[in-house]
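**Student:** The following block contains the structure, expressed as structure tokens.
All of the numbers you see were taken from the coordinates with simple rules; none came from a lab. Please read these numbers as outputs of a predicted model, since none were measured by experiment. Cβ placement follows ideal geometry from the backbone for every residue including glycine, while neighbour counts extend to all protein chains displayed.
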Amino acid sequence: MSADVQSFRIAASDLNGRMRGKRLPLDFLGKIEGGKTRMPLSVLNVDITGADIEGSPLVFETGDADGTLRPTSRGTLPMPWLSGAAALIPATMMNEDGTPFEGDPRQALVRVLDRYARRGWQVRAATEMEFYLLDDSGKAPAPALNPHTGRPLQGSEICSLDTLDAFEPFFNDLYEACAAMGIPAQSALSEAGTGQFEIDIDHRDALEAADNAWLFKTLVKGLARKHGMAASFLPKPFEGEAGSGMHLHFSVVDSTGRNVFDDGSETGNDTLRSAVAGCLETMRDATLIFAPHGPSYDRMVPGAHAPTAVCWGYENRTVALRIPAGPAAARRIEHRVAGGDICAHLLLAAILGGAIDGIERAATPPAPTVGNAYEEACPQLAESWAEAITLFEQSEAIKRIFHPRLVENLVMTKRQEMARLEEIPREDHWKIYLESV
Ligand code: GLU
Ligand code: MG
């Protein structure tokens, strides 16, 4: 921690992946590190606008009880997007009796990872973060102006160095900030949409990878503001332009460091296929996790590199689960369904929960899809937000992954958000979601 720090933030993730916590002065460090910062449990279960959930048992039945924020092992991180020297302490929420709070998305992931740990296994995960840089000074957001010319970008340019380097000061700051925060940023590229970019975050232990994705989203949004732009993980900010997804790559290693999906072949072994089967069997019911907001469903359209069919395949980018080619020791699953607007901890919990469920049941997947999955007769993801909420609420598969309290809280949250959104004209929805997701 740098010596000139002037204040602390302690924060945990709410169900929408937003940071919720407090600012504290320097002399509170002992109290923070001792896990004594108090905050109502219901704060992690508010809706996207920050409002309490009407009728939630967390609010009135329990007298809106406090929990305590316990720092994670990550320690103290710089917050390079702020103007003052501040330090962030990522945290997890505990009940008053010292047990983990079941409504904390990070705890949901910890619970899933315990099932791997019982076998002596560790999950390694990497993420591909897609986002748009935007100019939101007008009536509606537009792609960011080219900082070199001050004029609008001319169309979408996949992997264009001209486009990427027009934003060089921003990306320089971003890489420097990632290094300072311990986020292992790898390649950056200009993506297919006008003003759309992607940064890949290297694989790490799955809990660390979820923390990294969570921290990265806050960092990018904050730094963009410092550079006079907005950054958004909205899954489909412009009709007719590419959507922003968040692909997750994962593999599992045993206690000797051996990849449990690898048998030296190009196809991987039965454990890999059971993990695929488990992910497929939970995928439709977990649509709410992959597409948690009203605007998420604008991205889920055929032919847009965002999968709509529940299927898998080898080296196939039209399917939901791609098994990338490459060295056998790196045999892994790429889960391509999620939009950029996910809660990172819930996303990893849903995917890895599905995979371990399939492994535990030695499940067998259907045949892999060869060719264009948009033209195959595969089962489909939920088509609407309302359908996704109902499927999630009623699913037996989801109950095997998430604590019933979290399922109830998330369903109530999403129903409240849906009711609120219906009162707002569609052209104004972006005002709620632009930087909140
Ligand atoms: N942007 C696409 C999506 O919405 C993914 C493109 C890619 O394959 O990187 O998921
Ligand atoms: Mg991409």
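**Student:** What relative contact order, as a whole-number percentage, does the chain give when Cα pairs under 8 Å and 6 or more residues apart are counted?
**Tutor:** Averaging sequence separation for qualifying contacts and normalising by length gives 17 percent for the chain.
**Student:** What is the gain in length, in nm to one decimal, between residue 374 and residue 22 on full extension, counting 0.36 nm per residue of separation less the C-alpha to C-alpha distance? Present the calculation step by step, with values, prior to reporting the outcome.
**Tutor:** Numbers: separation 352, 0.36 × 352 = 126.72 nm, distance 4.59 nm.
Full extension from residue 374 to residue 22 adds 122.1 nm.
**Student:** Taking 7 Å along the Cα-to-C-beta vector as the label spot, tell me the residue 387-residue 5 distance in nanometres, rounded to one decimal.
**Tutor:** Inter-label distance under the simple model: 4.8 nm.
**Student:** Would you mind counting up the charge near residue 332? Only other residues with Cβ under 14 Å from its Cβ, with Lys and Arg at +1 and Asp and Glu at -1. Numbers along the way, then the final one.
**Tutor:** Details: positive: 124, 204, 258, 273, 322, 331, 336; negative: 128, 200, 202, 262, 263, 266, 315, 334.
Result for the local shell: -1.
**Student:** Could you tell me the relative contact order of the range 1-76? Use alpha-carbon pairs under 8 Å, at least six residues apart, and round to a whole percent.
**Tutor:** 30
**Student:** Run a plain Debye calculation on the range 155-307 (Cα atoms as equal point scatterers, no solvent) and give log10 I(q)/I(0) at q = 0.12, 0.14, 0.17 Å⁻¹, rounded to two decimals, same order as the q list.
**Tutor:** Calculated log10 I(q)/I(0) at the listed q: -0.66, -0.88, -1.19.
**Student:** Report the local net charge at residue 221: Lys and Arg +1, Asp and Glu -1, summed over other residues whose C-beta lies under 11 Å from its C-beta.
**Tutor:** Values: positive: 18, 217, 225, 226; negative: 435.
Residues near residue 221 contribute +3 overall.
**Student:** Given points 7 Å out from each Cα along the Cα-Cβ axis, report the residue 424 to residue 258 separation in nanometres with one decimal.
**Tutor:** 5.2
**Student:** Where in the range 88-119 are there trypsin sites (Lys or Arg not before Pro) that are in a DSSP coil and have at most 12 other Cβ atoms within 10 angstrom of their Cβ?
**Tutor:** Values: sites: 106, 111, 115, 118, 119; in loops: 118, 119.
Passing sites in the range 88-119 are 118.
**Student:** When 1/r is averaged over all different Cα pairs and the result inverted, which Kirkwood radius in Å belongs to the range 91-140?
**Tutor:** Working: mean 1/r = 0.0686 Å⁻¹.
Hydrodynamic radius (Kirkwood, Cα only) of the range 91-140 equals 14.6 Å.
**Student:** What are the GluC sites (Glu not before Pro) within the range 203-255 that DSSP puts in a loop, where the Cβ has at most 14 other Cβ atoms within 10 Å? Before the final figure, lay out each step's value.
**Tutor:** Details: sites: 208, 239, 241; in loops: 239, 241.
Loop-located and lightly packed - 239.
**Student:** Quick check on the chain: what does the Kirkwood estimate of hydrodynamic radius come out to from the alpha carbon pairs, in Å? List each step's numbers first, then the result.
**Tutor:** Values: mean 1/r = 0.0452 Å⁻¹.
Taking every pair of different Cα atoms in the chain, averaging 1/r and inverting gives 22.1 Å.
**Student:** Roughly how far apart, in whole Å, are the Cα centres of the range 51-102 and the range 356-412?
**Tutor:** 29
**Student:** Before anything else, pin down the relative contact order of the range 164-211: Cα pairs under 8 Å, at least 6 apart, normalised by residue count, whole percent.
**Tutor:** Averaging sequence separation for qualifying contacts and normalising by length gives 27 percent for the range 164-211.
**Student:** In nm, what is the difference between 0.36 nm times the number of residues separating residue 85 and residue 97 and their Cα-Cα distance?
**Tutor:** 0.9 nm
**Student:** OK, next. List the lysines whose alpha-carbon lies under 16 Å from that of residue 139, not counting same-chain residues fewer than 8 positions away?
**Tutor:** 431
**Student:** Something else: All other residues with a Cβ under 13 Å from the Cβ of residue 435 taken together, and with Lys, Arg as +1 and Asp, Glu as -1, what is their net charge?
**Tutor:** Within the 13 Å Cβ shell, the charges total +3.
**Student:** One quarter of the convex hull surface, Cα atoms only: what value does that give for the range 317-382 in nm²? Don't skip to the end; give the middle numbers.
**Tutor:** Values: hull surface 23.9 nm².
Convex hull of Cα atoms, orientation-averaged projection: 6.0 nm².
**Student:** How long are the semi-axes of the ellipsoid equivalent to the range 28-140, from square roots of 5 times the Cα gyration tensor eigenvalues, in whole Å, largest first?
**Tutor:** For the range 28-140, the semi-axes come out at 26, 23, 19 Å.
**Student:** Moving on to the next point. Evaluate 2.2 N^0.38 Å with N set to the residue count of the range 199-250, then give the Cα radius of gyration divided by it.
**Tutor:** 1.30
**Student:** Follow-up. Taking 7 Å along the Cα-to-C-beta vector as the label spot, tell me the residue 54-residue 164 distance in nanometres, rounded to one decimal.
**Tutor:** Between residue 54 and residue 164, the simple spin-label model gives 4.9 nm.
**Student:** Moving on. Treat the range 158-247 as a sphere of radius equal to its Kirkwood radius over Cα pairs and apply Stokes-Einstein at 25 °C in a medium of 0.890 mPa s; give the translational diffusion coefficient in µm²/s, rounded to a whole number.
**Tutor:** Here the translational diffusion coefficient equals 179 µm²/s.
**Student:** Using alpha carbon centroids, what distance separates the range 122-150 and the range 271-320, in Å?
**Tutor:** A separation of 23 Å, based on Cα centres.
**Student:** Sorted from largest to smallest, which semi-axis lengths in Å does the alpha carbon gyration tensor of the range 372-437 give for its equivalent ellipsoid, taking the root of 5 times each eigenvalue?
**Tutor:** That gives 24, 21, 10 Å for the three semi-axes.
**Student:** Can you pull out the GluC sites (Glu not before Pro) in the range 33-122 whose DSSP state is coil and whose Cβ has at most 12 other Cβ atoms within 10 Å? Walk me through the numbers on the way to the answer.
**Tutor:** Details: sites: 33, 54, 61, 96, 102; in loops: 54, 61, 96, 102.
Answer in residue order: 54, 61, 96.
**Student:** Which percentage, to the nearest 5, of the DSSP beta bridges contained in the chain is antiparallel?
**Tutor:** Roughly 85 percent of the beta bridges in the chain run antiparallel, per DSSP.
**Student:** Right, here's the next one. As a test of understanding, state the convex hull volume per residue of the range 274-343 from its alpha carbons, in Å³.
**Tutor:** Measuring per residue, one finds 93 Å³ for the Cα hull of the range 274-343.
**Student:** Is there a pair in 217/414; 226/399; 31/236; 31/399 whose C-alpha atoms are over 32 Å apart, and which pairs would that be?
**Tutor:** Too far apart for the 32 Å limit: 226/399; 31/236; 31/399.
**Student:** What are the extents of the Cα atoms of the range 315-434 along their three principal axes, listed from largest to smallest and rounded to whole Å?
**Tutor:** 50, 33, 28
**Student:** Let me ask something else about it. Taking the convex hull of the alpha carbon atoms in the range 102-203, what volume per residue do you get, in Å³?
**Tutor:** On the way: hull volume 14.8 nm³, N = 102.
Hull volume over Cα atoms, normalised by residue count, gives 145 Å³.
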